[in-house]
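The values are calculated or read from the model by the stated rules, or taken from the named source; none is laboratory data. Please read these numbers as outputs of a predicted model, since none were measured by experiment. Cβ: placed from backbone, ideal geometry, glycine included. Neighbour counts: every protein chain shown. Heads up: the accessible areas ignore ligands, DNA and RNA and are worked out on the full protein's heavy atoms, side chains in. Shrake-Rupley method; radii C 1.70, N 1.55, O 1.52, S 1.80 Å.
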Amino acid sequence: MSITEKAAYLKGLLDGLEIDKSTKEGKLLVALVDVIDEMTKSISDLEDVCDELDEVVDVLDEDLNALEEDFYSFDDCDCKKDGCHCEDDDCDCEDHDELYEVTCPNCNDTIYLDEGMLEEGSMDCPNCGQLLEFDYSDDEEEQIQETEQP
């Protein structure tokens, strides 16, 4: 039996007992049942608001999970291989992009880039909008020369 049903039962019981509402006791019982009825309506309204808030929180949680997957997806893997940021020793994944750390010279914001982003050659800093240009061709030439030497 819900609280609304219990309040309605008490009101019906009061009416059914034919209590004299002009006596002190009758006035008290009528006032108590009226207060219980008002409290029941307030509780019912609060339950409705809580249900609506639960729905909003669920939608926000789903949206936040989608954002986390979009922006922090490289943290999903748990291995210790180069370019991977997790700690699972048994992980056999090999498709991890190596991440490069770049600091914006204008705002000192640290940005993490994968090889594809570097190959584009430039990008705007997501924090301050400064154009960042990447030239890592000298690094590749040094690596090639090191591997060619006997």
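Listing for the model above:
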{"quantity": "Complete set of residues in region 132-150 that are surrounded by 10 or more Cβ atoms within 10 Å (Cβ to Cβ) and modelled with pLDDT of 80 or more", "calculated": "132"}
{"quantity": "Residue within region 57-70 that is modelled with pLDDT under 90 and open to solvent by 100 Å² or more (accessible area, probe 1.4 Å) present", "calculated": "yes"}
{"quantity": "Qualifying positions in region 3-20 - modelled with pLDDT under 90 and surrounded by 12 or more Cβ atoms within 10 Å (Cβ to Cβ)", "calculated": "19"}
{"quantity": "Matching residues, region 97-111, being part of a strand (DSSP E or B), open to solvent by 40 Å² or more (accessible area, probe 1.4 Å) and either out of contact with any helix residue (DSSP H, G or I) (no Cβ under 8 Å at 6 or more places or on another chain) or in contact (Cβ under 8 Å) with a residue 24 or more places away in the chain (or both)", "calculated": "101, 103, 110"}
{"quantity": "Hits in region 30-47 - residues which are in contact (Cβ under 8 Å) with a residue 12 or more places away in the chain, within 18 Å of residue 16 (Cβ to Cβ) and either of a type outside the set (A, V, I, L, M, F, W, C) or not in a helix (DSSP H, G or I) (or both)", "calculated": "37"}
{"quantity": "Test set (1) on the phi > 0 side of the Ramachandran plot; (2) modelled with pLDDT of 55 or more; (3) not basic (Lys, Arg) - residue 125 fails condition number", "calculated": "(1)"}
